[in-house]
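Participant: Pasting in a structure now, in C-alpha coordinates, and then I'll have a few things to ask.
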Amino acid sequence: MSGKDSGDTVWRFANTRISSEKKEGEFEIDDNYTEYRYKNLIHSGVSALTENLDIPNIYNSSILDLSDPEYLVERAHEAQVIIVERPWQWNYIKDISRDDAILIYSSHDFLAERFSYVKRTIGGDHILSKIKSVEQKAVEEADMVIVTSERDKKMYINEFNIKDKYYVSPNATYKRSGLKDSITEVEVKGRRFQNSSEKTFALFVGGGHRPNIRAVEEIFQMAKMCDELIFMIVGDVCDHFDESETPSNLVLLSFVEDLSNLYSFVDVALNPIINGSGTNIKLLEYFSYGLPVISTPFGARGIDAKDGTHYWEATISEFPEVLGRYHSNQISGDKLSKECKNLIDNRLNWETVSENLMREIKNHR
(Lines give C-alpha, C1' and ligand atoms only; values in the text may rest on other atoms or scores of the structure.)
Protein backbone atom coordinates (compact mmCIF):
# COMPACT_ATOMS: atom_id res chain seq x y z
CA MET A 1 0.00 0.00 0.00
CA SER A 2 1.62 3.27 -1.14
CA GLY A 3 2.61 5.71 1.58
CA LYS A 4 2.56 3.07 4.34
CA ASP A 5 5.75 2.77 6.39
CA SER A 6 7.10 -0.61 7.45
CA GLY A 7 5.78 -0.07 10.98
CA ASP A 8 2.22 0.71 9.86
CA THR A 9 -0.56 -1.87 9.94
CA VAL A 10 -3.69 -1.49 7.82
CA TRP A 11 -6.93 -3.47 8.22
CA ARG A 12 -9.76 -3.15 5.75
CA PHE A 13 -13.28 -4.35 6.56
CA ALA A 14 -15.49 -4.97 3.53
CA ASN A 15 -19.20 -5.82 3.55
CA THR A 16 -19.58 -8.42 0.78
CA ARG A 17 -22.83 -9.69 -0.73
CA ILE A 18 -23.87 -13.27 0.02
CA SER A 19 -24.12 -13.81 -3.75
CA SER A 20 -20.57 -12.56 -4.36
CA GLU A 21 -18.00 -15.04 -5.63
CA LYS A 22 -15.49 -13.51 -3.21
CA LYS A 23 -14.89 -15.74 -0.22
CA GLU A 24 -15.62 -14.57 3.30
CA GLY A 25 -12.71 -14.34 5.70
CA GLU A 26 -9.34 -12.72 6.30
CA PHE A 27 -6.96 -12.16 3.38
CA GLU A 28 -3.46 -10.70 3.32
CA ILE A 29 -3.27 -8.15 0.50
CA ASP A 30 0.26 -6.90 1.19
CA ASP A 31 2.78 -6.74 4.01
CA ASN A 32 0.85 -5.58 7.12
CA TYR A 33 -2.24 -4.96 4.99
CA THR A 34 -5.15 -7.31 5.67
CA GLU A 35 -8.67 -7.33 4.26
CA TYR A 36 -11.60 -9.00 6.03
CA ARG A 37 -14.59 -9.79 3.83
CA TYR A 38 -17.80 -10.10 5.79
CA LYS A 39 -21.06 -11.60 4.55
CA ASN A 40 -24.38 -11.04 6.28
CA LEU A 41 -27.80 -12.17 5.07
CA ILE A 42 -29.67 -9.09 6.34
CA HIS A 43 -27.13 -6.70 4.80
CA SER A 44 -27.26 -8.55 1.47
CA GLY A 45 -31.06 -8.54 1.41
CA VAL A 46 -31.44 -4.87 2.31
CA SER A 47 -28.67 -3.88 -0.13
CA ALA A 48 -30.39 -5.79 -2.96
CA LEU A 49 -33.70 -4.09 -2.14
CA THR A 50 -32.28 -0.57 -1.94
CA GLU A 51 -30.26 -1.16 -5.12
CA ASN A 52 -33.44 -2.13 -6.98
CA LEU A 53 -35.06 1.05 -5.67
CA ASP A 54 -31.95 2.97 -6.78
CA ILE A 55 -31.30 4.38 -3.32
CA PRO A 56 -28.36 3.83 -0.93
CA ASN A 57 -28.41 1.41 2.00
CA ILE A 58 -28.98 4.06 4.66
CA TYR A 59 -29.66 1.35 7.26
CA ASN A 60 -26.15 -0.11 7.33
CA SER A 61 -25.32 1.15 10.83
CA SER A 62 -28.42 -0.52 12.26
CA ILE A 63 -27.59 -3.78 10.47
CA LEU A 64 -24.03 -3.74 11.81
CA ASP A 65 -25.40 -2.99 15.25
CA LEU A 66 -27.52 -6.14 15.07
CA SER A 67 -24.75 -8.39 13.72
CA ASP A 68 -21.85 -6.79 15.67
CA PRO A 69 -19.05 -8.42 13.60
CA GLU A 70 -16.39 -9.62 16.03
CA TYR A 71 -13.49 -8.92 13.68
CA LEU A 72 -14.61 -5.32 13.11
CA VAL A 73 -15.19 -4.66 16.82
CA GLU A 74 -11.75 -6.00 17.77
CA ARG A 75 -9.93 -3.99 15.11
CA ALA A 76 -11.88 -0.80 15.87
CA HIS A 77 -10.80 -1.08 19.51
CA GLU A 78 -7.16 -1.28 18.38
CA ALA A 79 -7.04 1.23 15.52
CA GLN A 80 -5.53 4.67 16.05
CA VAL A 81 -6.99 5.94 12.77
CA ILE A 82 -10.27 4.80 11.21
CA ILE A 83 -11.34 5.82 7.71
CA VAL A 84 -15.07 5.36 7.09
CA GLU A 85 -16.00 5.12 3.43
CA ARG A 86 -19.52 6.46 2.86
CA PRO A 87 -21.58 7.65 5.84
CA TRP A 88 -24.05 4.76 6.16
CA GLN A 89 -22.05 2.94 8.82
CA TRP A 90 -20.73 6.07 10.55
CA ASN A 91 -22.80 5.81 13.77
CA TYR A 92 -21.84 2.20 14.40
CA ILE A 93 -18.12 2.77 13.76
CA LYS A 94 -18.06 5.84 15.99
CA ASP A 95 -19.70 3.88 18.82
CA ILE A 96 -17.19 0.99 18.73
CA SER A 97 -13.99 2.99 18.13
CA ARG A 98 -11.59 3.87 20.93
CA ASP A 99 -11.98 7.33 22.45
CA ASP A 100 -8.64 8.66 21.19
CA ALA A 101 -8.99 7.31 17.62
CA ILE A 102 -8.89 9.76 14.74
CA LEU A 103 -12.10 9.29 12.72
CA ILE A 104 -11.95 10.20 9.05
CA TYR A 105 -14.92 10.37 6.72
CA SER A 106 -14.01 9.50 3.12
CA SER A 107 -16.39 10.95 0.55
CA HIS A 108 -16.48 9.86 -3.09
CA ASP A 109 -19.05 12.48 -4.02
CA PHE A 110 -21.48 14.94 -2.46
CA LEU A 111 -24.40 12.61 -1.78
CA ALA A 112 -27.18 15.21 -1.94
CA GLU A 113 -26.10 15.74 -5.55
CA ARG A 114 -25.46 12.07 -6.26
CA PHE A 115 -29.00 11.10 -5.21
CA SER A 116 -30.83 14.29 -6.15
CA TYR A 117 -33.08 12.31 -8.53
CA VAL A 118 -34.62 10.50 -5.52
CA LYS A 119 -36.69 13.62 -4.88
CA ARG A 120 -38.83 12.75 -7.90
CA THR A 121 -39.88 9.35 -6.49
CA ILE A 122 -42.58 8.39 -3.98
CA GLY A 123 -41.31 9.28 -0.51
CA GLY A 124 -38.28 10.84 -2.15
CA ASP A 125 -38.26 13.98 -0.02
CA HIS A 126 -37.98 11.90 3.13
CA ILE A 127 -35.24 9.67 1.71
CA LEU A 128 -33.20 12.63 0.43
CA SER A 129 -33.58 14.39 3.78
CA LYS A 130 -32.29 11.22 5.50
CA ILE A 131 -29.33 11.01 3.10
CA LYS A 132 -28.41 14.63 3.84
CA SER A 133 -28.70 14.25 7.61
CA VAL A 134 -26.63 11.05 7.70
CA GLU A 135 -23.84 12.64 5.68
CA GLN A 136 -23.97 15.91 7.61
CA LYS A 137 -23.54 14.02 10.89
CA ALA A 138 -20.46 12.25 9.52
CA VAL A 139 -18.95 15.54 8.30
CA GLU A 140 -19.68 17.29 11.61
CA GLU A 141 -18.24 14.54 13.80
CA ALA A 142 -15.22 13.56 11.70
CA ASP A 143 -11.75 14.75 12.62
CA MET A 144 -10.97 14.96 8.92
CA VAL A 145 -13.02 14.71 5.70
CA ILE A 146 -11.48 13.39 2.49
CA VAL A 147 -13.03 14.80 -0.70
CA THR A 148 -12.04 14.13 -4.30
CA SER A 149 -12.13 17.69 -5.66
CA GLU A 150 -12.25 21.37 -4.75
CA ARG A 151 -15.71 21.39 -6.31
CA ASP A 152 -17.01 18.85 -3.78
CA LYS A 153 -15.29 20.70 -0.94
CA LYS A 154 -17.15 23.89 -1.85
CA MET A 155 -20.45 22.00 -1.98
CA TYR A 156 -19.94 20.63 1.53
CA ILE A 157 -19.04 24.08 2.87
CA ASN A 158 -22.08 25.67 1.24
CA GLU A 159 -24.50 22.94 2.33
CA PHE A 160 -23.31 22.23 5.88
CA ASN A 161 -21.49 25.49 6.74
CA ILE A 162 -18.45 23.58 7.97
CA LYS A 163 -15.40 25.34 6.57
CA ASP A 164 -12.36 23.40 7.76
CA LYS A 165 -11.22 19.75 8.21
CA TYR A 166 -11.28 18.92 4.45
CA TYR A 167 -8.42 17.33 2.53
CA VAL A 168 -8.65 17.09 -1.26
CA SER A 169 -7.36 13.70 -2.41
CA PRO A 170 -8.14 13.45 -6.13
CA ASN A 171 -9.29 10.30 -7.83
CA ALA A 172 -6.54 8.60 -9.77
CA THR A 173 -5.72 5.56 -11.86
CA TYR A 174 -2.74 3.32 -12.52
CA LYS A 175 0.29 4.21 -14.62
CA ARG A 176 0.44 2.42 -17.96
CA SER A 177 3.71 1.75 -19.75
CA GLY A 178 4.31 3.69 -22.96
CA LEU A 179 1.85 5.59 -25.11
CA LYS A 180 -1.20 4.06 -26.72
CA ASP A 181 -0.19 1.25 -29.04
CA SER A 182 -2.27 1.33 -32.21
CA ILE A 183 -3.36 -2.16 -33.21
CA THR A 184 -5.43 -2.71 -36.32
CA GLU A 185 -7.40 -5.79 -35.30
CA VAL A 186 -9.15 -6.86 -32.12
CA GLU A 187 -11.52 -9.63 -31.09
CA VAL A 188 -14.10 -8.96 -28.37
CA LYS A 189 -16.49 -11.72 -27.26
CA GLY A 190 -16.09 -13.59 -30.51
CA ARG A 191 -16.59 -10.48 -32.65
CA ARG A 192 -13.66 -9.36 -34.76
CA PHE A 193 -13.07 -5.72 -35.66
CA GLN A 194 -10.54 -4.30 -38.11
CA ASN A 195 -9.31 -0.72 -38.17
CA SER A 196 -7.69 1.23 -41.00
CA SER A 197 -6.78 4.77 -41.96
CA GLU A 198 -10.26 5.19 -43.49
CA LYS A 199 -12.07 4.19 -40.29
CA THR A 200 -12.45 5.90 -36.91
CA PHE A 201 -13.53 3.93 -33.86
CA ALA A 202 -14.97 5.88 -30.91
CA LEU A 203 -15.29 4.27 -27.46
CA PHE A 204 -17.48 4.82 -24.41
CA VAL A 205 -17.15 2.72 -21.24
CA GLY A 206 -19.64 2.92 -18.39
CA GLY A 207 -21.61 1.11 -15.72
CA GLY A 208 -25.38 1.06 -15.47
CA HIS A 209 -25.75 4.37 -13.63
CA ARG A 210 -28.23 7.02 -14.74
CA PRO A 211 -25.60 9.52 -16.05
CA ASN A 212 -24.06 6.78 -18.23
CA ILE A 213 -27.46 5.74 -19.60
CA ARG A 214 -28.13 9.36 -20.56
CA ALA A 215 -24.68 9.57 -22.17
CA VAL A 216 -25.31 6.50 -24.35
CA GLU A 217 -28.67 7.93 -25.41
CA GLU A 218 -26.74 10.95 -26.68
CA ILE A 219 -24.19 8.72 -28.42
CA PHE A 220 -27.05 7.00 -30.26
CA GLN A 221 -27.92 10.37 -31.77
CA MET A 222 -24.27 11.10 -32.59
CA ALA A 223 -24.00 7.77 -34.40
CA LYS A 224 -26.93 8.69 -36.63
CA MET A 225 -25.18 11.96 -37.54
CA CYS A 226 -21.69 10.45 -37.98
CA ASP A 227 -22.23 7.41 -40.15
CA GLU A 228 -18.55 7.42 -41.18
CA LEU A 229 -17.55 6.50 -37.59
CA ILE A 230 -18.01 3.29 -35.63
CA PHE A 231 -19.12 3.67 -31.99
CA MET A 232 -18.29 0.99 -29.41
CA ILE A 233 -20.16 0.93 -26.07
CA VAL A 234 -18.72 -1.20 -23.27
CA GLY A 235 -19.97 -1.97 -19.77
CA ASP A 236 -23.15 -2.75 -17.87
CA VAL A 237 -24.76 0.36 -19.34
CA CYS A 238 -25.41 -1.80 -22.44
CA ASP A 239 -27.98 -3.80 -20.47
CA HIS A 240 -30.35 -0.83 -20.68
CA PHE A 241 -30.51 -0.87 -24.48
CA ASP A 242 -31.93 -3.18 -27.15
CA GLU A 243 -29.29 -4.06 -29.74
CA SER A 244 -31.98 -4.46 -32.40
CA GLU A 245 -32.75 -0.74 -32.06
CA THR A 246 -29.17 0.56 -32.24
CA PRO A 247 -27.79 2.47 -35.23
CA SER A 248 -25.94 0.26 -37.71
CA ASN A 249 -22.60 1.90 -36.85
CA LEU A 250 -22.95 1.39 -33.08
CA VAL A 251 -21.96 -1.80 -31.23
CA LEU A 252 -23.05 -2.81 -27.72
CA LEU A 253 -20.31 -5.00 -26.19
CA SER A 254 -21.56 -5.18 -22.56
CA PHE A 255 -19.04 -6.08 -19.85
CA VAL A 256 -15.47 -6.74 -21.02
CA GLU A 257 -13.01 -8.18 -18.49
CA ASP A 258 -9.80 -6.79 -20.01
CA LEU A 259 -10.09 -3.48 -21.82
CA SER A 260 -6.41 -3.01 -22.67
CA ASN A 261 -6.71 -4.32 -26.24
CA LEU A 262 -9.76 -2.14 -26.91
CA TYR A 263 -7.96 0.93 -25.58
CA SER A 264 -5.11 0.16 -27.95
CA PHE A 265 -7.46 -0.43 -30.87
CA VAL A 266 -9.87 2.53 -30.80
CA ASP A 267 -8.99 6.00 -32.06
CA VAL A 268 -10.83 8.28 -29.65
CA ALA A 269 -12.77 8.06 -26.36
CA LEU A 270 -16.05 9.82 -25.58
CA ASN A 271 -17.15 11.36 -22.29
CA PRO A 272 -20.56 12.98 -22.97
CA ILE A 273 -21.58 13.15 -19.30
CA ILE A 274 -24.02 15.95 -18.43
CA ASN A 275 -25.11 15.03 -14.90
CA GLY A 276 -24.00 13.03 -11.88
CA SER A 277 -21.66 13.69 -8.98
CA GLY A 278 -18.04 13.30 -7.90
CA THR A 279 -15.31 13.05 -10.52
CA ASN A 280 -15.20 10.83 -13.58
CA ILE A 281 -12.69 8.03 -12.97
CA LYS A 282 -13.20 6.61 -16.46
CA LEU A 283 -11.81 9.84 -17.94
CA LEU A 284 -8.60 9.22 -15.99
CA GLU A 285 -8.40 5.68 -17.33
CA TYR A 286 -8.72 6.98 -20.90
CA PHE A 287 -5.89 9.41 -20.10
CA SER A 288 -3.65 6.67 -18.70
CA TYR A 289 -3.75 4.85 -22.04
CA GLY A 290 -3.00 8.05 -23.95
CA LEU A 291 -6.38 8.09 -25.67
CA PRO A 292 -7.57 11.38 -27.18
CA VAL A 293 -10.83 12.26 -25.41
CA ILE A 294 -13.80 14.46 -26.25
CA SER A 295 -15.57 15.49 -23.05
CA THR A 296 -18.31 17.81 -21.93
CA PRO A 297 -17.27 20.45 -19.39
CA PHE A 298 -19.32 18.61 -16.76
CA GLY A 299 -17.66 15.31 -17.63
CA ALA A 300 -14.25 16.75 -16.75
CA ARG A 301 -15.45 18.43 -13.52
CA GLY A 302 -13.15 18.22 -10.53
CA ILE A 303 -10.18 16.98 -12.57
CA ASP A 304 -7.19 19.26 -13.04
CA ALA A 305 -7.11 18.86 -16.81
CA LYS A 306 -7.26 21.59 -19.45
CA ASP A 307 -9.28 21.86 -22.63
CA GLY A 308 -6.99 21.75 -25.64
CA THR A 309 -4.09 20.37 -23.59
CA HIS A 310 -5.42 17.12 -22.11
CA TYR A 311 -8.76 16.69 -23.92
CA TRP A 312 -11.14 18.41 -26.32
CA GLU A 313 -14.04 20.11 -24.61
CA ALA A 314 -17.42 20.13 -26.37
CA THR A 315 -21.09 20.49 -25.62
CA ILE A 316 -23.27 17.54 -26.60
CA SER A 317 -24.36 19.33 -29.79
CA GLU A 318 -20.70 19.96 -30.70
CA PHE A 319 -19.57 16.31 -30.43
CA PRO A 320 -20.46 15.36 -34.04
CA GLU A 321 -18.51 18.34 -35.39
CA VAL A 322 -15.38 17.52 -33.34
CA LEU A 323 -15.64 13.85 -34.28
CA GLY A 324 -15.95 14.81 -37.95
CA ARG A 325 -12.88 17.02 -37.78
CA TYR A 326 -10.90 14.27 -36.05
CA HIS A 327 -12.02 11.67 -38.59
CA SER A 328 -10.98 13.90 -41.50
CA ASN A 329 -7.57 14.62 -39.88
CA GLN A 330 -8.31 18.31 -39.44
CA ILE A 331 -7.23 17.93 -35.80
CA SER A 332 -4.66 15.54 -34.35
CA GLY A 333 -4.77 13.81 -30.98
CA ASP A 334 -1.01 13.15 -30.74
CA LYS A 335 -0.24 16.08 -28.44
CA LEU A 336 -3.26 15.35 -26.24
CA SER A 337 -2.16 11.72 -25.91
CA LYS A 338 1.23 12.73 -24.54
CA GLU A 339 -0.04 15.46 -22.23
CA CYS A 340 -2.88 13.48 -20.69
CA LYS A 341 -0.58 10.53 -20.09
CA ASN A 342 1.99 12.82 -18.45
CA LEU A 343 -0.77 14.11 -16.16
CA ILE A 344 -1.41 10.57 -14.95
CA ASP A 345 2.24 9.53 -14.71
CA ASN A 346 3.31 12.64 -12.77
CA ARG A 347 0.31 13.45 -10.58
CA LEU A 348 -2.96 11.55 -10.88
CA ASN A 349 -1.74 8.01 -10.25
CA TRP A 350 -2.62 5.95 -7.19
CA GLU A 351 0.97 5.71 -5.95
CA THR A 352 1.42 9.49 -5.78
CA VAL A 353 -2.09 10.23 -4.47
CA SER A 354 -1.88 7.50 -1.80
CA GLU A 355 1.51 8.69 -0.56
CA ASN A 356 0.23 12.25 -0.24
CA LEU A 357 -2.90 11.11 1.61
CA MET A 358 -0.96 8.90 4.03
CA ARG A 359 1.38 11.79 4.76
CA GLU A 360 -1.57 14.07 5.53
CA ILE A 361 -3.16 11.48 7.83
CA LYS A 362 0.08 11.09 9.79
CA ASN A 363 0.42 14.86 10.08
CA HIS A 364 -3.14 14.98 11.42
CA ARG A 365 -2.11 12.70 14.28
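Participant: Considering only segment 281-335, state which residues are of a type in the set (Asp, Glu) and farther than 21 Å from PHE265 by Cβ. Working first, answer last.
Facilitator: Taking segment 281-335 and keeping what is of a type in the set (Asp, Glu), we get 285, 304, 307, 313, 318, 321, 334.
Once the filter is applied, which keeps residues that are of a type in the set (Asp, Glu) and farther than 21 Å from PHE265 by Cβ, segment 281-335 yields ASP304, ASP307, GLU313, GLU318, GLU321.
Participant: May I pose another question? Across segment 254-287, which residue is modelled with the lowest pLDDT among those that are among the β-branched types (Val, Ile, Thr) and more than 22 Å from GLY302 (Cα to Cα)?
Facilitator: Step by step, filter segment 254-287, then rank; the result is VAL256.
Participant: Just a yes or no: is a residue in segment 211-219 in contact with an Asp or Glu (Cβ under 9 Å, 6 or more places away or on another chain) and over 18 Å from SER295 (Cβ atoms)?
Facilitator: Within segment 211-219, none of the residues are in contact with an Asp or Glu (Cβ under 9 Å, 6 or more places away or on another chain) and over 18 Å from SER295 (Cβ atoms).
Participant: Look at LEU291 and say whether it is outside any strand (DSSP E or B), touching a Gly at 6+ places or on another chain (Cβ under 9 Å) and at pLDDT 90 or above.
Facilitator: Spelling it out, LEU291 is indeed outside any strand (DSSP E or B), touching a Gly at 6+ places or on another chain (Cβ under 9 Å) and at pLDDT 90 or above.
Participant: Does PHE255 satisfy the condition of being touching a helix residue (DSSP H, G or I) at 6+ places or on another chain (Cβ under 7 Å) and without any contact (Cβ under 8 Å) to a residue 24 or more places away in the chain?
Facilitator: yes
The values are calculated or read from the model by the stated rules, or taken from the named source; none is laboratory data. Just so you know, these numbers come straight off a predicted model, no measurement behind them. Reconstructed Cβ throughout: ideal geometry from the backbone, glycine too, with neighbour counts over all protein chains shown.
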